[in-house]
Amino acid sequence: MLSNHKQLFTLKNIRFILLALATILVASCAPEKKEPHAQNVIYLIGDGMGFGAVSSLLLSQDSLTGFEKAPVIGLSETQSANNHVTDSPAGGSALACGTRVKNGVLGLDPVDSTHLTSILEKAQVMGKKTGIVVNTTLTEATPAAFYANVKSRSMSYEIARQFTESGVDVAIGAGLSAFINRPDSLDLTRVLIEEKGYDVYLDWKSVLNSTSEKFVGILSMGDVHRRNKPTTAKPGAAAGDEVCLAAKLAADAADQADTTIFSEPDLYLEKATAKALTALEKNAPNGFFLMIESAIIDGYGHNNDSDGMIEEMQEFDRTLQMLVQYVNAHPGTLLVVTADHETGGTGVGYKGHKVGEKADVSLTFSTKGHTGTVVPIFAYGEGAEKFSGIMKNRDVPGKIEALIK
Ligand SMILES: [Zn+2]
C-alpha cells in the first residue's frame, strides 16, 4: 500500500516536473515581443488637409482610398505657440521639430529663439539619407521647417541659402527664383553643383531621367502642379488672415504659360515621390527619411474652391496609394500621413445629390483662412501603432524619432 502511494507520489512529481519543463521550454521558445524599429520613414503632409478634404475624397470615389487602407488612425491638435490657429510655418515646425513655435516663424524656439533641430536633421545624424518632395517651392514654409531656422517665412533668400547647407540628398520642387534672382547676386544652383556636389536639374524630364543619388530638381510651377480648372475665386485670405503662397499658386496655375518642353503636372507628385524613393534606397545601409508635401490643398481651402480641392485630394490619393504599396513591399518602413492644419473650415454640403452621384460631392467653407480643428493622422507599416489616439502636432516627430533610434 505504502509502495503504491510512493509510486503515485513519484508519478505525480514526474508529471509536475514535466509540465514545468514544458512551460519553461514554451516560454523560452516564444518570440520576444520586439519593440518596433523603423529603418525608413516616409512623412506625407497634406497642407490644409482637414476632415472635409478627406471626406470629399471618400465620398467622390468608389474604390478603396489609401486613407481607408490605414491600419492606425489618430488625431492631431494643430495649434501654434501663440495661437489656437496655426499658420504653415508654425504647423510645419511643430511637425518637423517637435516644438510649437510662434506663427510666422520657422524652427526657432518661442522662448529664446534658439535653433530647433528637425526630425530630418536627426535622421541625418543617424546616418540616414534624406529627401524632400513638394508640389510647391522648395523654400515654402512646410519643407523649409525641416531644414531652415528663420524668424519669418518670407525670408525666402535666406531659406534658399540654408537649403544649400542642409545636406538633403534628394529634393524636388519649384522656386528657382530664390536660388538665382537674389539681392546678394549669388547663384545658389552653382553653389549646389560646385561646392556641394549636387546634380541640379531645372526641367522635369531631366529629373525623371536622372540616375544620380544626390540631386536637386528646381522646376517651374507648371511642372509641379497641374493646370487647374479656371477658378472664379480670387486668391488670398480675408484681412488679418495668413497670406499663403499656396493660395496664390493655386489661383495662378490656370493662367501660367507652359514654359517647359515636357511636363506631367497631373502625375508630378506621384512620380517625383517614386523618383526620390529610388534614389534614396540606393546605398542606404541605415535607411532613409523622406518628407513629401502636397501643398495646394491649402490653396483651394483659402480660395473656397470645392472642385479644386476634390481634384487635389484625388491626386494626393494617387501618391498615397503608391506609398502604401511601397510600405507593404518594404518591411521596416513607416509611413505617417497628416496635415499641418485645416484650411477653409470645410464640410460636405447637402446639395440634394443622391448616393451614387459621387461626382456631385461639394464642399462648403466657413472661412478663407485656417482653422484650429484637429486633423487626422494615418499611419502604416513599422511602428504605426504608436500614432493612435489624440496627440499634439509637436508629439509626432518625437514618436518618429523613438522609432528610428
Ligand atoms: Zn494656408
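Bear in mind these aren't lab numbers, they're just calculated from the coordinates by the rules spelled out. None of these values were measured; they are calculated from a predicted model. For neighbour counting, all protein chains shown are included, and Cβ atoms are generated from backbone atoms with ideal geometry for every residue, glycine included.
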Convex hull volume of the range 274-401 per residue (C-alpha atoms, cubic angstrom): 134 Å³
Under-5 Å amide H pairs with Tyr198, H placed in peptide plane, nonlocal only: Ile193
Equivalent ellipsoid semi-axes, the range 33-114, via Cα gyration tensor eigenvalues times 5, rooted, Å: 29, 20, 10
P(r) tail fraction, the range 82-183 - alpha-carbon pairs more than 20 Å apart, %: 32 percent
The range 282-340, Rg to Rh (Cα coordinates; Rh as Kirkwood inverse mean 1/r): 1.09
Sorted by Cβ neighbour density within 10 Å, fewest at the top, the residues Ser263, Ser294: Ser263, Ser294
Longest to shortest principal axis, alpha-carbon extents of the range 363-405, angstrom: 41, 19, 14
Sequence-distant residues sharing a close amide H with Leu219 (under 5 Å, placed H): Gly173, Ala174, Gly175
Residue-span extension gain [Ser185 to Ser366] - 0.36 nm each, minus C-alpha spacing: 60.8 nm
Globularity ratio of the range 188-227, using Cα Rg and 2.2 N^0.38 Å: 1.22
Modelled label reach - Ile390, point 7 Å along Cα→Cβ, the range 52-86 residues with backbone N closer than 14 Å: 74-79
Per-selection Kirkwood Rh - the range 146-185 (Cα, Å, 1 d.p.): 10.8 Å
For Val41, distant residues with modelled amide H under 5 Å away: Phe288, Phe289, Leu290, Leu334
